[in-house]
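These notes concern the structure reproduced below.
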Amino acid sequence: MKKRAFFVACIFSCFLISCRNIGQPVNKQKSGSYFTDSKGQIAYCQNGNWFSLGISQMQADAKSFEVLSEDIAKDKNAVYFRGMPQKLVDKSSFYVDQQIPKDRFHVYYIDQVLGFHIIEGADPKTYEPVAGHINWARDKDHYFYSNDPIKVDRNTFSFINDYFLKDKDSVYISPNIGTFKAILANTGNVEAINKYYIKIYDTIYYPPFQQGLAVVKRPFNTIHKIRVLDQDHINIDNKTILFREKDFKYAHVDA
């Protein structure tokens, strides 16, 4: 019992010492990871979790040190990510815009281990995330998916639903379920039915959810009315129920 009490006391003592040594947050409104210790030096401790992740002492200039976001900071000499100096950036013009690192020359994406990497072809002044669409961004000239530019007509490109996209020339399958590619020419009259299905004239399309499979399509002579039963089932003209299976397994079930 005494040994256990001694062990607990040691742990508690280490906790108090470490809490004291970690110091005070530089800017607790912007980050819980950058601290000024008792000697006035800057340290990085991810989310203040010293016990699991440790504390990294930095060779930063305390007087000019500025926290920009949770993991990004700068001083007069360098820009830092998780306490590590970033060599690619132009420190004099560096800033963070909507959580995206930028300088006057480049836009950067963040590798959580290695730090900043340049997004090739991105314009810092106009680059922005696309609201409501994870991994998508755009600038004045391009759309980007997962930091790579995609070849579409920038001015007419748009999202039909979660899995289909279009521009003036083509209809595309979204890269979030495979390779970004055109599946057919855009002849007009492209409509979203729900997050999965689209309608082009009298043909229904459903996305492939396995790499290498083709888009599922079902042509009809005419379509007068579509009723969405749920995200996977739709009713066509009160005669046919379509399910998400590749071959529309339940294609001729009466509604």
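Kindly indicate which of Tyr163, Tyr172, Tyr201 is in contact with a helix residue (DSSP H, G or I) (Cβ under 8 Å, 6 or more places away or on another chain) and outside the structural domain of His106 (by TED's automatic domain parsing). Working first, answer last.
Working: Tyr172 fails: in contact with a helix residue (DSSP H, G or I) (Cβ under 8 Å, 6 or more places away or on another chain); Tyr201 fails: in contact with a helix residue (DSSP H, G or I) (Cβ under 8 Å, 6 or more places away or on another chain).
Residue meeting the stated conditions: Tyr163.
Which of the residues spanning the stretch 160-186 are hydrophobic (A, V, I, L, M, F, W, C), in a strand (DSSP E or B) and under 17 Å from Pro208 (Cα atoms)? Break it down stepwise before answering.
Restricting attention to the stretch 160-186, the residues satisfying the condition of being hydrophobic (A, V, I, L, M, F, W, C) are 160, 164-165, 171, 173, 177, 180, 182-185.
With in a strand (DSSP E or B) added as a condition, the list becomes 164-165, 171, 173, 182-185.
The answer is Phe164, Leu165, Val171, Ile173, Ala182, Ile183, Leu184.
Can you name the strands (runs of 3 or more DSSP E) wholly within the stretch 69-131 that have at least 3 residues being touching a Leu at 6+ places or on another chain (Cβ under 9 Å) and either closer than 21 Å to Phe144 by Cα or assigned by TED's automatic domain parsing to the domain that holds Asp141 (or both)?
Values: elements: 72-74, 79-81, 95-97, 100-102, 108-111, 115-118.
It comes to 115-118.
Does Ile193 satisfy being surrounded by 13 or more Cβ atoms within 10 Å (Cβ to Cβ), aliphatic (A, V, I, L, M) and touching a Phe, Trp or Tyr at 6+ places or on another chain (Cβ under 7 Å)?
Values: surrounded by 13 or more Cβ atoms within 10 Å (Cβ to Cβ): yes; aliphatic (A, V, I, L, M): yes; touching a Phe, Trp or Tyr at 6+ places or on another chain (Cβ under 7 Å): no.
Judged against the criteria, Ile193 is not a match.
The values are calculated or read from the model by the stated rules, or taken from the named source; none is laboratory data. Only a predicted model underlies this, so the values are computations on that prediction, with no experimental measurement involved. A quick note on method: Cβ atoms are made from the backbone with ideal geometry, for glycine too, and the neighbour counts reach across all protein chains shown.
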